[in-house]
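Sharing a structure with you now.
The values are calculated or read from the model by the stated rules, or taken from the named source; none is laboratory data. The shown structure was predicted, so the numbers you read here are calculated from the model rather than taken from an experiment. Cβ sites come from the backbone with ideal geometry, for glycine too, and all protein chains shown count toward neighbours. When the accessible area is computed, the model is the full protein with side chains, heavy atoms only, and any ligands, DNA or RNA have been set aside. Shrake-Rupley method; radii C 1.70, N 1.55, O 1.52, S 1.80 Å.
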Amino acid sequence: MALRSRALTALSGRGGMLSIADSAEAVAARLAAYDGLLDIAAVNGPGATVVSGDAAALAALLADCEQDGLRARTLPVDYASHGPQVDELRKEILELLAGVAPRPARVPMVSAMTGEFLAGPELDAGYWYASLRAPVRFADAVEALGTAGYGVFVEASPHPVLTAPVGATLESLATLKGIATAADPVVTGTLRRDDGGPARALASLAELHVRGVAVDWTTVLAEAQRVELPTYAFAAQRFWPAPVGAATGDVSSAGLGPVGHPLLGASVQLAEGDGLVVTGRLSLRAQPWLAEHTVAGVAVLPGTALAELAVVAGHQAGCPRIEKLTLTAPLVLSAEHPTQVQITLAPEDGLRADQRTVQIYARSEGPADPAEDAAPWTWHASGVLTPARPAGPDLAREFLTWPPAGAEPVGLTGLADAQSAAGHGYGPAFRGLRAVWRQGEDLLAEVALPEPFAAGAESSASTRPCWTPPSRPPRSGPARRTAIRRTAARRTAARGAPVCRGRRSRSPGPTSRCTRRARPGCGSGSAPARTAGR
């Protein structure tokens with residue numbers, strides 16, 4: 001290799017090479033217009049072709065590619081190898097390599113000139129000259145290895161330039177040519193530009209190791225010792241920290257007041273009147289449990305979460321009790337962009353002085369600057385909030401004996417299948433229904449936060465919306481609307497997990513109700529219900 005490279009210096013300044021992101025067939029069609037001044041020098045992959053030849057012709061070809069929107073790059077060489085100019089060096093190279101004595105190969109080798117496996121004896125001086133003159137059929141060599149079942153490809157170079165073509169070639173073997181290859185092939189490099197040395201080489205070996213490739217670490221790190229690793233996230237002993245919601249931060253410097261809720265960040269009292277605005281930010285990255293509630297396969301914020309937001313906003317104005325709440329549109333959560341939430345509270349004609357109307361809006365944050373081309377706000381809920389009132393003694397006594405005498409257990413078998421058939425998906429965070437009883441026309445239920453959500457139950461405001469949607473037992477009878485008339489909640493002493501005990505009654509009485517306007521995509525699992533004492 002060194003002798004050939006030294007011989008190539010005689011061609012310096014007379015040519016060059018150009019890499020084009022296109023197939024060899026398409027590039028060959030382009031070269032027809034250059035009167036033999038350019039030739040295909042290498043085919044590295046289905047969309048990676050190298051051209052060599054006259055420097056002026058290469059510059060014209062580069063301009064043509066750029067004009068057509070085709071990615072092309074001039075290689076940092078001033079000679080044209082793998083082309084007709086190499087003919088001038090044939091005699092010199094054959095003389096330089098005359099002493100080469102090839103032997104049978106001990107390690108399998110594939111020729112990048114023929115695309116075939118080599119036995120070894122054919123690697124004489126003539127072969128090494130021909131491999132410098134003929135086009136490099138690197139893609140054919142990768143195809144030969146992939147067809148033979150090889151599944152690990154490591155590019156040993158100062159910077160990985162062929163890993164992408166290798167991966168594309170292996171993919172085309174399976175998808176376009178129907179040739180079976182190793183499952184999940186591993187393709188990686190060794191060093192990187194401006195990132196070389198032993199540390200980078202070890203990192204590359206580690207990449208191979210975690211992809212299932214056997215690495216002899218006792219040879220690579222002769223003086224190293226094995227140490228115990230922390231348990232993985234799926235092991236019985238938890239080591240990794242649980243995801244946390246968006247931090248509230250210091251919002252006072254912006255003239256805002258902190259809300260202290262995982263889903264809402266700040267509030268501001270309007271200067272004129274008694275209006276209040278509360279803002280927040282929902283993100284499936286920061287609150288991954290939200291993605292577990294779906295309607296028709298799409299992540300939708302539960303209706304109970306909208307009710308939760310209304311209640312928290314009401315606390316800021318001294319009106320934490322929902323008198324009425326109507327959902328106007330489902331709040332679909334984007335997997336790519338966070339969602340901004342805005343809640344407004346204001347007095348209104350026809351309401352008592354201590355009551356407030358509540359409106360909930362949301363919009364996708366999007367990748368751009370919020371001040372430029374911002375997404376429009378969508379109105380998702382509206383209602384009326386009133387001051388809290390203490391629960392009466394009858395409500396507290398009702399839950400001292402649980403379940404109440406005469407209540408009959410209701411089987412939950414098939415509930416998850418029925419919900420799934422209706423298009424409602426509930427992940428682990430939303431499967432907290434423990435038991436259901438029937439007492440006359442009323443239904444009684446016990447709900448608890450599943451693990452690992454119960455671990456953070458002391459500050460579980462952000463997970464309370466998990467309780468209600470999956471807690472609904474199958475409805476019976478013609479009634480379409482129900483209201484929670486009496487509810488109490490307690491915390492178990494054994495594990496500290498929140499447990500909610502509730503009664504759902506169809507009988508008339510003082511209730512907190514929630515209605516839902518009929519709109520496409522707003523499933524029954526998204527309708528919130530809150531207690532009169534909330």
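Where the convex hull is taken over the Cα atoms of the stretch 144-197, what is its projected area averaged over directions, in nm²?
On the way: hull surface 15.0 nm².
Mean projected area for the stretch 144-197: 3.8 nm², to one decimal.
In Å, the Kirkwood hydrodynamic radius of the stretch 43-190 over pairs of distinct alpha carbons? Please report the intermediate quantities before stating the final value.
Working: mean 1/r = 0.0576 Å⁻¹.
Result for the stretch 43-190 stands at 17.4 Å.
Let me ask another. When you count, for each residue, the other Cβ atoms within 10 Å and take the mean per peptide, how do 46-55, 132-141 rank with the highest first? Don't skip to the end; give the middle numbers.
Values: 46-55: 22.5, 132-141: 20.2.
So the order, starting with the most tightly packed, is 46-55, 132-141.
So if I average 1/r over every pair of distinct C-alpha atoms in the stretch 108-152 and take the inverse, what Kirkwood radius in Å does that give?
10.9 Å
To continue, here is another question. Report, to the nearest whole %, how much of the accessible area of the stretch 249-329 belongs to carbon and sulfur atoms, 1.4 Å probe, protein only. Don't skip to the end; give the middle numbers.
Details: 1600 of 2990 Å².
About 53 percent, which is the carbon plus sulfur part of the accessible surface.
Please compute, over every Cα-Cα pair in the stretch 402-450, the percentage with a separation greater than 17 angstrom.
Numbers: 512 of 1176 pairs.
It works out to 44 percent of all Cα pairs.
Could you tell me which residue out of Leu96, Gln85, Pro108 lies farthest along the dipole of the stretch 84-130 toward its positive end? Charges go on the beta carbon: Lys and Arg +1, Asp and Glu -1, centred on the Cα centre.
Positive-end residue among those listed: Pro108.
Hey, another quick one. Note the full-extension length gain between Ala21 and Arg434 as 0.36 nm times their separation in residues minus their Cα-Cα distance, in nm to one decimal.
Working: separation 413, 0.36 × 413 = 148.68 nm, distance 5.90 nm.
Difference between extended and current length: 142.8 nm.
Take Lys91, Lys177, Lys324 and sort them by solvent-accessible surface of the protein heavy atoms, 1.4 Å probe, largest at the top. Before the final figure, lay out each step's value.
Values: Lys91 145, Lys177 115, Lys324 80 Å².
Sorted descending by solvent-accessible area, the residues read Lys91, Lys177, Lys324.
While we're here: Suppose accessible area is computed on protein heavy atoms with a 1.4 Å probe; arrange Ser382, Ser253, Ser5, Ser364 from highest to lowest. Can you show the working numbers first?
On the way: Ser382 20, Ser253 100, Ser5 70, Ser364 45 Å².
My answer, sorted largest first, is Ser253, Ser5, Ser364, Ser382.
Also: Based on the Kirkwood radius over alpha-carbon pairs, what value in µm²/s does the Stokes-Einstein equation return for the translational diffusion coefficient of the stretch 1-70 at 25 °C and 0.890 mPa s?
Values: Rh = 12.8 Å.
Answer from the Stokes-Einstein relation: 192 µm²/s.
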